[in-house]
1. Just subtract the alpha-carbon distance of ASP22 and THR50 from 0.36 nm times their residue separation and send over the number in nm, one decimal.
2. Using only DSSP helix segments of four residues or longer, with each worth -39500 (n - 2.57), what per-residue ellipticity at 222 nm results for the chain after dividing by its residue count and rounding to 500?
3. Label points 7 Å out from Cα along the Cβ direction at ALA35 and ASP6: separation in nm?
4. Run the simple label-point estimate for GLU42 and ARG14 please: 7 Å along Cα→C-beta, distance reported in nm.
5. Would you mind working out the magnitude of the charge dipole of the chain relative to its Cα centre, with +1 at each Lys and Arg C-beta and -1 at each Asp and Glu C-beta, to the nearest 20 Debye?
6. Given [x] 12.9; [y] 14.3; [z] 15.1 as candidate values of Kirkwood radius over Cα pairs in Å, which corresponds to the one derived from the coordinates?
7. Using packing as a proxy for protection, rank 29-36, 17-24 so that the peptide with the highest average count of other Cβ atoms within 10 Å comes first.
8. Which of PHE3, THR19, THR36 sits farthest toward the positive end of the charge dipole of the chain, with +1 on the Cβ of Lys and Arg and -1 on the Cβ of Asp and Glu?
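Just so it is clear, none of the values below were taken in a lab; they were calculated from the coordinates. Every value quoted in this text rests on a predicted model; they were computed, and no experiment measured them. Every residue, glycine among them, receives a Cβ derived from its backbone with ideal geometry; neighbour counts consider all protein chains shown.
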Amino acid sequence: MPFRLDSIGDPVLRRSRPTGYDTRRILNDYGYDDATVDKLVEDGAVMCYTGDPLPASVLEPSYGPNSKRD
């Protein structure tokens with residue numbers, strides 16, 4: 001059963017990007033062209049996120065009502 005300690009407060013929740021969200025950009029930064037990245041994806045060597053772009057708010061910390069803010 002979860003419980004809360006008033007002296008600690010609520011945890012700050014930090015979300016992460018989906019798996020593969022930055023893969024293509026990072027590989028491009030390292031000199032891989034899009035055709036090579038596509039081949040790596042096809043071969044199962046890497047995974048690239050193909051969904052909609054995420055709003056910036058997804059990466060902002062989420063504070064509960066009793067959080068101790070950083």
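1. Answer, rounded to one decimal: 9.0 nm.
2. About -6000 deg cm²/dmol.
3. With each label point 7 Å from Cα toward Cβ, the separation is 6.7 nm.
4. 3.8
5. My answer is approximately 440 debye.
6. Structure-derived value, by its label: [z].
7. Result, highest mean first: 17-24, 29-36.
8. Of the options given, the answer is PHE3.
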